[in-house]
Amino acid sequence: MLVEVAIPVHVSQTFTYHLPDHLVADAAPGCRVLVPLGRQLVTGYIVATLASPAAPSDEKFELKAVEQLFDLEPLVTEEMLELTRWIADYYYAPWGEVIKSSLPAGINAEAKSVLTITEAGREALESVSPRARISSKMRALSLVAETGSRNARDLARDSSKNRASAIIRELEREGLIIAARQLQTAQVRTKRQQAVRRVEQDPAANVKPLNSSQQRVMDLLSNSLEPAGCTEIAELAKVSSSVIRTLERRGLVEVFSREVRRNPLAHLDDHPIDALTLTPKQQAALDVISAQIDIGEFGAFLLHGLTGSGKTEVYMRAMRAAVERGKTALMLVPEISLTPMFARRLRAHFGSRIAILHSSLSDGERLDEWNRLRSGEARVCIGARSAVFAPLVNLGVIVVDEEHEASYKQDESPRYHGRDTAIMRASRASAIVILGSATPSMESFRNAQTGKYQYLKLDERIGGRALAEVEVVDMREVFARHGKAQLVSDEMKEAVRSSFAKGEQTMVLLNRRGFSSYILCRSCGASVHCSECDVTLTYHRMAARLICHYCGHEERVPKSCPDCAGPYMHFVGQGTEQVEALLKEMYPEMRIARLDRDTTRRRGAFEKVLDDFAAGEIDLLVGTQMIAKGHDFHNVTLVCVI
């Protein structure tokens with residue numbers, strides 16, 4: 001048998017391999033395989049099985065064989081193979097890369113090339129002069145000799161990057177090193193834990209009395225309905241693990257291994273949902289959507305609703321309608337920062353049946369959530385753009401909140417649009433898709449006008465509340481008043497002070513992170529540019545670095561101009577870091593926090609800031625576009641856009 005394999009490398013074609021006889025029974029489209037590609041072993045994905053070679057019979061060629069089959073049942077479903085193939089064709093993306101991005105990070109095995117020095121290599125090193133050792137070839141051989149064996153990738157990083165592969169081939173050809181391939185296991189796997197449970201004893205059995213430590217363990221297990229972790233029981237009973245092992249030898253407890261879920265939603269409390277009464281327009285929209293779910297055919301809806309008109313409640317009811325009919329539901333949000341808020345709402349509706357998928361989770365958490373969705377334990381998924389690949393079975397509804405947002409576009413390979421991919425997935429799964437927005441994208445609005453999508457409009461705010469008053473301040477007039485440039489207008493200063501005096505909260509938006517936009521020499525006018533991207537570097541004061549916001553390149557802040565050596569370096573422009581510092585200086589009595597990519601690098605950081613803000617522990621929140629979409633803070637009465 002031959003198999004067609006998609007490999008996550010930047011080529012458009014797939015590759016054909018020979019499948020050894022002992023793997024034929026288990027191999028199927030969607031399984032992962034280890035295959036040779038050039039001089040490497042890489043993980044690929046079977047996308048088709050072939051009965052005969054695709055090449056003409058008179059052409060002589062030799063097919064390489066599959067080295068290893070990782071899955072006894074397909075990891076990638078037929079539906080996901082079709083969807084990833086569509087993405088590959090439509091967006092000119094490598095199919096293997098698309099499939100890889102649809103799976104949890106870190107589950108693929110890799111093969112590394114390990115270099116070992118030979119006796120001839122050691123003799124060659126000893127025979128050359130110290131001056132000759134500085135050549136790229138001898139320096140590479142010295143690096144291998146330091147440890148006896150070395151990863152080829154590490155060697156490429158430590159030696160001349162451009163010629164590393166050629167140098168390794170030359171050393172191998174001369175017999176100075178031996179290159180061998182070693183298979184590395186997947187970087188992330190399900191987590192297992194040693195657990196303990198009590199074993200029921202015959203009341204008539206003559207049981208030896210327990211000492212005080214053993215009795216504490218048995219009492220804790222008697223009070224627990226479920227098995228408990230050995231470490232947890234040992235800590236609660238204040239005993240060592242040897243006490244549990246002694247009880248196991250006596251047949252009083254059973255110690256076993258079990259899978260443990262790394263739960264990213266563990267911090268959420270279960271709150272009962274309020275019985276909200278839908279407005280007539282909400283109910284009318286929900287009725288149309290529910291009817292389409294009952295039909296069981298694809299349907300696309302554009303839910304065009306004012307801010308505060310109740311789109312979220314329509315989403316929740318539609319998802320609940322799908323789940324009640326035995327289907328699953330998926331919700332996409334444009335920003336990771338929105339997932340905690342929506343996760344709470346979904347948790348209130350669906351309890352433990354929800355899962356969350358986004359890039360801020362650890363690899364282990366993403367794997368566990370992915371497995372819960374794949375097994376059917378979780379029926380509802382929420383996440384950012386990549387959650388469109390969630391392994392939900394019998395999909396009923398997909399919700400795309402803020403469908404107009406540009407953040408649904410993946411800007412690195414494989415490139416795709418999350419909203420359009422969601423529409424295509426719903427179409428192939430005979431599900432419905434709801435595109436929600438207060439300001440729909442031009443193409444979605446056009447599709448609704450021409451009948452491709454059903455148009456649903458919510459043009460009244462809940463409770464008849466008025467829209468927010470908007471005041472535009474001309475900063476040229478502020479400049480004229482003060483005779484110099486001002487970052488914050490007089491009107492904003494007074495509004496913030498008034499809001500705080502009334503016990504209300506404020507949000508300040510500036511969609512530019514860092515302290516200053518760039519650094520400029522006042523002598524010659526030169527600015528410091530990224531060596532990789534040629535864009536100006538942004539000054540970050542807390543890090544004391546100049547950082548490129550495109551590629552991440554960093555360098556120290558120069559004390560003098562790199563071009564003319566002039567000492568007059570001027571910081572130009574503003575970012576959220578500067579706004580936060582200025583507001584803290586202006587309002588020392590206020591509790592002020594900042595939310596941007598710099599302050600949320602640590603896991604759980606943005607959830608903590610948003611939770612604190614929602615709890616009233618922060619008076620003013622400065623942020624980038626992370627704070628601009630979909631949040632619902634009832635005590636926020638003032639928003640300032642700088």
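Here are a few things to note about the model shown:
- Spatially, the stretch 560-601 and the stretch 468-486 are offset by 21 Å when compared through their Cα centroids.
- MRE, 222 nm, helices only [DSSP H, n ≥ 4, -39500 (n - 2.57), over the chain, to nearest 500]: -9500 deg cm²/dmol
- Residue-normalised accessible area of the chain, given per residue in Å² at a 1.4 Å probe: 53 Å²
- Net length gained if the chain between Val260 and Ala543 were fully extended (0.36 nm per residue, minus Cα distance): 98.1 nm
- The phi-based Karplus calculation (6.51 cos²θ - 1.76 cosθ + 1.60; θ = phi - 60°) puts the 3J(HN,Hα) values of the stretch 229-239 at x, 4, 5, 4, 5, 4, 5, 5, 7, 6, 10 Hz, whole numbers, x for Gly and Pro.
- Rel. contact order, % - alpha carbon contacts under 8 angstrom, at least six apart, the chain: 10 percent
- Inter-label distance, Ala565 to Gln68: 5.8 nm, where each label sits 7 Å from its Cα along the C-beta direction.
- About the centre of its Cα atoms, the chain shows a dipole size close to 1220 debye [charges on the beta carbon of Lys, Arg (+1) and Asp, Glu (-1) only; nearest 20 debye].
- Unpartnered cysteines - no second Cys beta carbon under 4.7 Å - across the chain: Cys31, Cys230, Cys381, Cys551, Cys640
- For His549, the residues 5 or more places off, or on other chains, whose built amide H falls under 5 Å of its own are Thr538.
- Taking a straight line from the alpha carbon of Lys137, these lysines sit under 30 Å away, with near neighbours fewer than eight places off in the same chain left out: Lys112, Lys161.
- For the chain, the carbon plus sulfur part of the accessible surface works out to 48%, probe radius 1.4 Å.
- Set of the stretch 548-585 residues, backbone N closer than 11 Å to the point 7 Å along the Cα-Cβ line of Arg522: 567-571
- Mean separation of Cα contacts under 8 Å (6+ apart) over length of the stretch 537-620, as relative contact order %: 17 percent
- Largest to smallest accessible area among His349, His570 [probe 1.4 Å]: His570, His349
- The phi torsions of the stretch 435-447, fed into the Karplus equation with coefficients 6.51, -1.76 and 1.60 and a -60° offset, translate into couplings of 9, x, 5, 8, 9, x, 5, 4, 6, 5, 5, 5, 5 Hz, rounded to whole numbers, with Gly and Pro shown as x.
- Computed magnitude of the charge dipole of the stretch 421-488 (debye, nearest 20; Cβ of K, R +1, Cβ of D, E -1): 340 debye
- Taken along the Cα-to-beta-carbon direction at a fixed 7 Å, the label points for Phe61 and Gln201 span 7.2 nm.
- Remark: for residue pairs Lys64/Lys191; Lys64/Lys100; Lys100/Lys452; Lys409/Lys559, the C-alpha separation exceeds 30 Å in Lys64/Lys191; Lys100/Lys452; Lys409/Lys559.
- Placing a pseudo-label 7 Å from each Cα along the Cα-to-Cβ vector at Ser129 and Gln193 gives an inter-label distance of 6.6 nm.
- Those lysines that a straight Cα-Cα span of less than 18 Å connects to Lys584, excepting residues fewer than 8 apart in one chain: Lys493
- Cross-link partners of Lys238 among aspartates and glutamates (Cα-Cα below 16 Å; sequence separation of 8 or more within a chain): Asp219
- In this structure, the amide hydrogen of Val399, modeled 1.01 Å from its nitrogen in the peptide plane, lies closer than 5 angstrom to those of Leu330, Met331, Leu332, Ile434, counting only residues at least 5 positions away or on a different chain.
- Charge tally for Glu119 (other residues, Cβ to Cβ under 14 Å; Lys, Arg +1; Asp, Glu -1): -2.
- Separation between Cα centres of the stretch 492-558 and the stretch 388-430, rounded to whole Å: 33 Å
- Given [x] 1.01; [y] 1.19; [z] 1.14, the label whose value is Cα Rg over 2.2 N^0.38 Å derived from this model: [y]
- Fully extending the segment from His22 to His10, taken as 0.36 nm per residue of separation minus the present Cα-Cα distance, adds 1.3 nm.
- Cβ-based net charge around Glu79, under 13 Å, with every Lys or Arg adding one and every Asp or Glu removing one: +2
The values are calculated or read from the model by the stated rules, or taken from the named source; none is laboratory data. Model, not experiment: these values are computed from the prediction. Here the Cβ is made from the backbone with ideal geometry for all residues, glycine too, and neighbour counts use every protein chain on show. Please note that ligands, DNA and RNA were not included when accessible areas were found on the heavy atoms of the full protein model with its side chains. Shrake-Rupley method; radii C 1.70, N 1.55, O 1.52, S 1.80 Å.
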